[in-house]
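Q: Got a structure for you, questions after.
The values are calculated or read from the model by the stated rules, or taken from the named source; none is laboratory data. These figures come from a predicted structure and were not determined experimentally. With ideal geometry, Cβ positions are generated from the backbone for all residues, glycine too; neighbour counts draw on all protein chains shown.
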Ligand SMILES: Cc1ncc(COP(=O)(O)O)c(C=O)c1O
C-alpha cells in the first residue's frame, strides 16, 4: 500500500489519507476483505498522529468503503466489487449515437475554437470580451462582502427561478431608463445572453424550423440555433441594417419561427440599424405575426453617433423578446443576463429555466445588485466608453494608415469590433497560419455565416488591446496583403 502525504498542502492530512485509500479501493488496489493496518500502526508508518488516521477511517466507514469487525480490525467492505481501472472501458460508440444536431454544433464550435487558440504573446484581434484590467475588483469585493454579511446564509440556499428580487427590481428600473416598460412577470434573470437565447430557442424551434438572422451574425447564436436543428436564413444588410425587401421575401418563402437581430453595434459588423429600418422591421413583424428576438448585448457601448431606441422600446404590439446581459458592460464571468418578453410567452421560458437549472446563482446576482445599486455600473460604463473609444480610434487610424486600398470597412461608432471586406478573390481563412507566424490573430468572416459565405471578410475585435498593440497588430496584418 503506497501512500504519500504532503504536509505543505492546503488539503488536511486526514483528507489526503482518506482520498488515497479510497482511490486504492476504487481502482482495485485493495480488494474487498483486505485488512488495513490498525490506526496506531498506520500513524507510525506515515509519521502522523493517530487522530488523523482515525478521522480518515471514519469518513471511509461512513462512505461504506471500510467496515470494522469487532476485535479483529478494519477491513475493506466485502460487498464492493471494484474493477481494476485498466479493465474498464466502454462498448458504446458515443460518436455514432449522438444526434446530428450535436455533431453539427460541435463541428462548428470546434472550428472556431481552433482559430481563437493562440499564444498569449500574439496580438489577438479575436476576442470580444471586455478588458478585465479595467474591472473595479476592490469595489466588487466589498459589495460581495457586504451583501453576505447583511443577508447571510439565505444567499447560499435555493432562490427563486425568476431571479433575486432586488436585482430584478434594479433591472426593471434600468430598462425603464432605456424606454422599456416591463410589466410584472415579464422579466427573467438568466445565465448571460446565451442561456436566454437558448431558452427562447428551445421554446420556439423544432428540428427543421427556419430562423431569420442577419448575414453575417453572431456565431454563438448560429451554434445555438444549429443545436435545435434550425435552418438559418441569412438576410444581407446594407448601410442601414437588415434589408427589408429580402426579409419580406424570406418570410413569405420560409415562414420562420422568429427573426433574430442585433440592431445596435451588431456583431460582427459593428453596424447600428437606422431608426427607419427599426420601424420597418417592427411593422413587417407585425404584418406577418412573426416574433423578433432582439439581442441588446452591447447597446450601452456607444462612443459617438446616433443613439436609437431599442426595438423593444418601440414595440407596442408585444412582438419583441429582448435579451440583455451584463457580459459586455460589466463582468462576463458572473454569467448574468435577462430576458424581457410578453407574459404569455415568458411563462414557458420561466418553466424551461426551472427545468434547466432552477435559477441563476443568487450570490452573483446579489453581488451585482449591490454593485449596480451603489452607482458603480454607471461609473464603470463611463470609464469603459472612454477606454474603448480610444481603442476604436486607434483602430480606425491604423486601418487608414496600413489597410487603405487593401480592404474596406465601416467606421464603427460603438461595440467591440470592426468588419473588414476584401476583394472577392482574397480568402481570409487560408491566411490564418501566416498571420500567426507574424504574431497576429483575427477571425475569418465565414464563421459568421451559416451558409459558407463570408470568405473575403475578417472580424477584428479591439476591446482587449491597447492602442499600441492595435497599431502594431494592424501593421503586421497589412503585411499579409
Ligand atoms: C452578439 C452577442 N450577443 C451576446 C453576447 C454575450 O453573451 P453572454 O451574455 O452569454 O456572455 C455576445 C458575446 O460575444 C455577442 O457577441
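Q: From 377, 363, 392, 399, which residue is in contact with a helix residue (DSSP H, G or I) (Cβ under 7 Å, 6 or more places away or on another chain), within 25 Å of residue 120 (Cβ to Cβ) and modelled with pLDDT of 95 or more? First the steps, then the outcome.
A: Working: 377 fails: within 25 Å of residue 120 (Cβ to Cβ); 363 fails: within 25 Å of residue 120 (Cβ to Cβ); 392 fails: in contact with a helix residue (DSSP H, G or I) (Cβ under 7 Å, 6 or more places away or on another chain).
Sole residue among the options that is in contact with a helix residue (DSSP H, G or I) (Cβ under 7 Å, 6 or more places away or on another chain), within 25 Å of residue 120 (Cβ to Cβ) and modelled with pLDDT of 95 or more: 399.
Q: Determine whether residue 156 is buried (at least 17 other Cβ atoms within 10 Å of the Cβ), at pLDDT 95 or above and closer than 22 Å to residue 335 by Cα. Talk me through it step by step, then tell me what you get.
A: Values: buried (at least 17 other Cβ atoms within 10 Å of the Cβ): no; at pLDDT 95 or above: yes; closer than 22 Å to residue 335 by Cα: yes.
No; evaluated as a whole, the condition is false for this residue.
Q: Inspect all residues belonging to region 426-437 and state whether any of them is assigned to a strand (DSSP E or B) and crowded, with 19+ Cβ neighbours inside 10 Å.
A: Step one: list which residues in region 426-437 are assigned to a strand (DSSP E or B), which gives none.
No, region 426-437 has no match at all.
Q: I'd like to know if region 66-78 contains one or more residues that are out of contact with any strand residue (DSSP E or B) (no Cβ under 7 Å at 6 or more places or on another chain) and in contact (Cβ under 8 Å) with a residue 40 or more places away in the chain.
A: First pass over region 66-78, keeping only residues out of contact with any strand residue (DSSP E or B) (no Cβ under 7 Å at 6 or more places or on another chain): 70-72, 78.
Next, only the ones that are in contact (Cβ under 8 Å) with a residue 40 or more places away in the chain stay: 78.
Scanning region 66-78 turns up at least one residue that is out of contact with any strand residue (DSSP E or B) (no Cβ under 7 Å at 6 or more places or on another chain) and in contact (Cβ under 8 Å) with a residue 40 or more places away in the chain.
Yes/no matrix, rows are residues, columns are (1) in a loop (DSSP other than H, G, I, E, B); (2) touching a strand residue (DSSP E or B) at 6+ places or on another chain (Cβ under 6 Å):
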| position | (1), (2) |
| --- | --- |
| 321 | no, yes |
| 328 | yes, no |
| 347 | no, no |
| 350 | no, yes |
| 359 | yes, no |
| 364 | no, no |
| 369 | no, no |
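Q: Consider residue 293 carefully, then state whether it is outside any helix (DSSP H, G or I), at pLDDT 95 or above, within 15 Å of the ligand (Cβ to nearest atom) and touching a strand residue (DSSP E or B) at 6+ places or on another chain (Cβ under 6 Å).
A: Working: outside any helix (DSSP H, G or I): yes; at pLDDT 95 or above: yes; within 15 Å of the ligand (Cβ to nearest atom): yes; touching a strand residue (DSSP E or B) at 6+ places or on another chain (Cβ under 6 Å): yes.
Yes: the conditions hold for residue 293.
Q: Here is a further query. Which of the residues that make up region 243-259 are outside any loop (DSSP other than H, G, I, E, B) and in contact with a helix residue (DSSP H, G or I) (Cβ under 7 Å, 6 or more places away or on another chain)? Full working, then the answer.
A: Taking region 243-259 and keeping what is outside any loop (DSSP other than H, G, I, E, B), we get 244-254, 258-259.
244, 247, 248, 251, 258, 259, listed by residue number.
Q: Which condition number does residue 241 fail, the rest of (1) surrounded by fewer than 20 Cβ atoms within 10 Å (Cβ to Cβ); (2) at pLDDT 95 or above; (3) within 16 Å of the ligand (Cβ to nearest atom) being met?
A: (1)
Q: Sticking with this one: Tell me whether region 115-126 contains one or more residues that are within 16 Å of the ligand (Cβ to nearest atom) and either assigned to a loop (DSSP other than H, G, I, E, B) or over 20 Å from the mean Cα position of the chain (by Cα) (or both). Step through it out loud before you land on a result.
A: The initial filter retains those residues of region 115-126 that are within 16 Å of the ligand (Cβ to nearest atom), namely 115-116, 124-126.
This time we only want the ones that are either assigned to a loop (DSSP other than H, G, I, E, B) or over 20 Å from the mean Cα position of the chain (by Cα) (or both), so: 125-126.
Within region 115-126, one or more residues are within 16 Å of the ligand (Cβ to nearest atom) and either assigned to a loop (DSSP other than H, G, I, E, B) or over 20 Å from the mean Cα position of the chain (by Cα) (or both).
Q: Could you look through region 411-423, keep only residues that are more than 16 Å from the ligand (Cβ to nearest atom) and at pLDDT 95 or above, and pick out the one that is farthest from the chain's Cα centre (by Cα)?
A: Going through the qualifying residues, I end up with 423.
Q: For region 439-455, enumerate the residues that are surrounded by fewer than 17 Cβ atoms within 10 Å (Cβ to Cβ) and more than 18 Å from residue 267 (Cα to Cα).
A: Matches in region 439-455: 439 only.
Q: Can you tell which of 160, 170, 174, 164 is within 16 Å of the ligand (Cβ to nearest atom), more than 30 Å from residue 456 (Cβ to Cβ) and over 20 Å from the mean Cα position of the chain (by Cα)? Let's see the steps before the verdict.
A: Details: 160 fails: within 16 Å of the ligand (Cβ to nearest atom); 170 fails: within 16 Å of the ligand (Cβ to nearest atom); 164 fails: within 16 Å of the ligand (Cβ to nearest atom).
Just a single option satisfies the conditions, and that option is 174.
Q: Take region 56-81 and flag every residue that is within 15 Å of residue 29 (Cβ to Cβ) and in a helix (DSSP H, G or I).
A: Listed by number, the list holds a single entry, 60.
Q: Exactly one condition in (1) at pLDDT below 95; (2) touching a strand residue (DSSP E or B) at 6+ places or on another chain (Cβ under 8 Å) is not met by residue 223; state its number.
A: The single condition residue 223 does not satisfy is (2).
Q: Report yes if residue 180 is surrounded by 20 or more Cβ atoms within 10 Å (Cβ to Cβ), more than 19 Å from residue 345 (Cβ to Cβ) and over 24 Å from the mean Cα position of the chain (by Cα), otherwise no.
A: So residue 180 fails the test.
Q: Oh, and also: Could you tell me whether any residue of region 197-217 is within 16 Å of the ligand (Cβ to nearest atom), in contact (Cβ under 8 Å) with a residue 12 or more places away in the chain, closer than 18 Å to residue 367 by Cβ and out of contact with any helix residue (DSSP H, G or I) (no Cβ under 8 Å at 6 or more places or on another chain)?
A: Step one: list which residues in region 197-217 are within 16 Å of the ligand (Cβ to nearest atom), which gives 197-202, 211-217.
Narrowing further to those that are in contact (Cβ under 8 Å) with a residue 12 or more places away in the chain: 197-202, 211-217.
Filter once more, keeping what is closer than 18 Å to residue 367 by Cβ: none.
No, region 197-217 contains no residue that is within 16 Å of the ligand (Cβ to nearest atom), in contact (Cβ under 8 Å) with a residue 12 or more places away in the chain, closer than 18 Å to residue 367 by Cβ and out of contact with any helix residue (DSSP H, G or I) (no Cβ under 8 Å at 6 or more places or on another chain).
Q: If a residue has to be over 46 Å from the mean Cα position of the chain (by Cα) and on the phi < 0 side of the Ramachandran plot to count, how many in region 52-75 make the cut?
A: Filtering region 52-75 for residues over 46 Å from the mean Cα position of the chain (by Cα) gives 67-75.
Imposing the further condition that a residue be on the phi < 0 side of the Ramachandran plot reduces the set to 67-70, 72, 74-75.
Summing the residues that are over 46 Å from the mean Cα position of the chain (by Cα) and on the phi < 0 side of the Ramachandran plot in region 52-75 gives 7.
Q: Still on this structure: Can you confirm whether region 177-194 contains a residue that is out of contact with any strand residue (DSSP E or B) (no Cβ under 7 Å at 6 or more places or on another chain), in a helix (DSSP H, G or I) and within 14 Å of the ligand (Cβ to nearest atom)?
A: Checking region 177-194: at least one residue is out of contact with any strand residue (DSSP E or B) (no Cβ under 7 Å at 6 or more places or on another chain), in a helix (DSSP H, G or I) and within 14 Å of the ligand (Cβ to nearest atom).
Q: Considering only residues that are crowded, with 21+ Cβ neighbours inside 10 Å and more than 28 Å from residue 392 (Cα to Cα), look in region 316-344 and name the one that is nearest to the ligand (Cβ to nearest atom).
A: By that ranking, first place goes to 339.
Q: Continuing with this model, one more query. Quick check on residue 216: is it crowded, with 22+ Cβ neighbours inside 10 Å and within 17 Å of residue 332 (Cα to Cα)? Break it down stepwise before answering.
A: Working: crowded, with 22+ Cβ neighbours inside 10 Å: yes; within 17 Å of residue 332 (Cα to Cα): no.
No.
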